[in-house]
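Input: a single structure, listed below in structure tokens.
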Amino acid sequence: MAVGMKMYGKHRFPGRLFIVEGIDGSGKTTQLMLLQKWLEAEGYVVYFSEWNSSPLVHEVTKRGKKKKMLTSMTFSLIHATDFADRTEHHIIPPLKAGAVVLADRYIYTAFARDVARGVSPKWVRDLYAFAVKPTVAFYFRTPLDVAMKRILGGRDALKYYEAGMDLGLSDDIEESFGLFQSRIIEEYEKMVDEFGLVAIDATRSIEEQQAEVRRIVYEALAGTKKTRIRRWLDLASLAKGSRA
Amino acid sequence: MARFSFFGEGLPGIDLNELKGKLIVLEGTDGVGRSTHIGLLKQWLENHGHAVLDTGMTRSALAGKRLKQAKEGHTLGGITMSLFYATDFADRLENEIIPALRAGFIVLTDRYIYSLIARAIVRGSDPEWLREVYGFALKPDAIFYLRLQIDDLVTRVLQSRGFDYWESGMDMHMGEDLYESFVRYQKWLLAEFDKMVEGFGFQIVDASGSVEEVFENLRVRVDTVIGRNGYGS
């Protein structure tokens, strides 16, 4: 019955897990999308793990945020619940099936964000002990001003929790966002050594970054399952020499 | 020095020195009579001039409703459910229990982290991990563990409301029918509770007597915890 919970680093699956981390505006989502295209073209079985967990958990999160009911602790726990659902339903099964699983943000987002909110670093790391250790975790390192330029203006109004308004750092939402993000950057930087995050200089061109990402992923793919059929569209993109 | 402490890393932004009340926990398996005794203790304490908050599991404003649905829908995995319960508990701790303690109430809680831990262990979560997760919980002033042997428990449940799907652990397919499953599941829970007695400092209260006998036993113990100074009585 109780099969015993597997902990971080102890999982052994035939698949591979690649994740991207970084602050908003670091370009990580673009890089992950480009990686996905290439992996599919190469014939790997790619599974993109979206943040679409159980509607029940999602609803609690949404309502809690909307009504500003969340404390640092419940914010942390409801996101961990969501992540657990994602792990149990959208990460472990495809990894068992031998897929290449891609995730936009992972446990390191929670570590950075929750610690920036005053939660104990040790506690939050223990909380996520059930997570699967990624094959490679990329960290898109971006100076705050570069990231801020990319997102402010270009998107809708900042959201309350996203800007760390619950911390009372500033009454001005943009200023609060900046202060909160700089705390998050500090936490990410501490994690580079702690978790062996692969830091990518996100101020370089998109192409240069992607070439580096593909090179690193390629080395980690030895022995991974491929599909036999390639779609003609993918072949076309291969013909253009998309392989780094 | 603060009267209260956390089990582990604790909650951010809480000043323990502000907490004046008492936190009293009633624990035990299903059907052991916890809610009856919470009701009686509340009445008795209020008669003696104490303000009392009685609270139980899965009633938080944040997650209570959805958690109930999640439990019934059984689409969530074991770790997810454990954490959903932890979220619900944290919301009640921060929004009900701690404010009441700050205001000097006696908080009587029907179950605490121990039931959550026992149920999660039985459903496959790691015991060490659970203790770390619940490190944010306050250590209670007293934990009364209402204990009944499995045979007495079966009789009690049959006499009152019959076997319940969840109390029988039917979600885990532990037996052919409700009776078999109930016995297996509750035995396992009992074993997990028994393991916690020493580490968490449970006071074992024999729940096999009459309601009056068990209540008298509890009343004397509660009296000691709150150290009544003669007011009221």
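Distance between the pseudo-spin-label points of B:THR155 and B:LEU16 (7 Å out from Cα toward the beta carbon): 4.4 nm.
What is the magnitude of the charge dipole of segment A:59-214 about its Cα centre, with +1 placed on the Cβ of each Lys and Arg, -1 on the Cβ of each Asp and Glu, and no other charges, expressed in debye to the nearest 20?
Details: 23 positive and 24 negative charges, 106 e Å.
It works out to roughly 520 debye.
Can you put A:THR142, B:THR224 in order of Cβ neighbours within 10 angstrom, beginning with the fewest? Provide the component values of the computation, followed by the final result.
On the way: A:THR142 24, B:THR224 10.
Final ranking by Cβ density, sparse to dense: B:THR224, A:THR142.
Quotient of the Cα radius of gyration of chain A and 2.2 N^0.38 Å, N being its number of residues: 1.05.
I'd like to verify something in chain B: which complete DSSP H helices, judged by Cα projection on the helix axis, reach 27 Å or more and average at least -0.5 on the Kyte-Doolittle scale? Display every interim value, and only then the final one.
Working: long enough: B:178-200 (32 Å, -0.11).
Length and hydropathy pass: B:178-200.
Ranking A:ILE23, A:VAL45, A:PHE13 by how far each Cα lies toward the positive end of the dipole of segment A:7-159 (charges on Cβ) leaves A:ILE23 at the top. Look at the dipole of the protein assembly as shown built from charges on Cβ: of A:VAL115, A:THR203, B:LEU138, the Cα furthest out on the positive end belongs to A:THR203.
How many percent of Cα pairs in segment B:21-218 exceed 31 Å? Write out the running numbers ahead of the final one.
On the way: 3018 of 19503 pairs.
So the pairs more than 31 Å apart make up 15 percent of the total in segment B:21-218.
Neighbour counts of other Cβ atoms within 10 Å put A:THR87, A:THR29 in the fewest-to-most order A:THR29, A:THR87. Between B:ASP164 and B:GLU213, the modelled labels are 2.5 nm apart [label points 7 Å from Cα along Cα→Cβ]. The trypsin sites (Lys or Arg not before Pro) of segment B:1-103 meeting both criteria, a DSSP state outside H, G, I, E and B (loop) and at most 14 other C-beta atoms within 10 angstrom of the site's C-beta, are B:ARG3, B:LYS20.
How much FRET efficiency would the formula 1/(1 + (r/R0)^6) give for A:GLU194 and A:GLU174, where r is the Cβ-Cβ distance and R0 is 25 Å, rounded to 0.05? In this case the efficiency is close to 0.25. Rounded to the nearest 0.05, what FRET efficiency do B:ASP171 and B:ARG221 give with R0 = 45 Å and r taken as the Cβ-Cβ distance? Could you check? Taking R0 as 45 Å, the efficiency between B:ASP171 and B:ARG221 is 0.85.
Modelled spin-label separation between A:THR227 and B:TYR179, with each label point placed 7 Å from Cα along the Cα-to-Cβ direction: 5.4 nm.
Can you sort A:ILE151, B:ILE117 by how many other beta carbons sit within 10 Å, fewest first?
Numbers: A:ILE151 15, B:ILE117 24.
In order of increasing Cβ crowding within 10 Å: A:ILE151, B:ILE117.
Under a model in which nothing but the beta-carbon of Lys, Arg (+1) and Asp, Glu (-1) is charged, the protein assembly as shown shows a dipole of about 1320 debye around its Cα centre. What are the ³J(HN,Hα) values, in whole Hz, obtained from phi via the Karplus relation 6.51 cos²θ - 1.76 cosθ + 1.60 with θ = phi - 60°, for each residue of segment B:96-110 in sequence order, with x given for Gly and Pro? Couplings: 10, 5, 5, x, 5, 5, 4, 7, x, 7, 8, 9, 9, 10, 7 Hz.
What translational diffusion coefficient, in µm²/s and rounded to a whole number, does the Stokes-Einstein relation yield for the protein assembly as shown at 10 °C and a viscosity of 1.306 mPa s, taking the hydrodynamic radius as the Kirkwood radius over Cα pairs?
Numbers: Rh = 24.8 Å.
The Stokes-Einstein estimate is 64 µm²/s.
We did not get these values from a lab; they are worked out from the coordinates using the rules stated. Bear in mind that the values here come from a model prediction, so they are computed numbers and not experimental data. Every residue, glycine among them, receives a Cβ derived from its backbone with ideal geometry; neighbour counts consider all protein chains shown.
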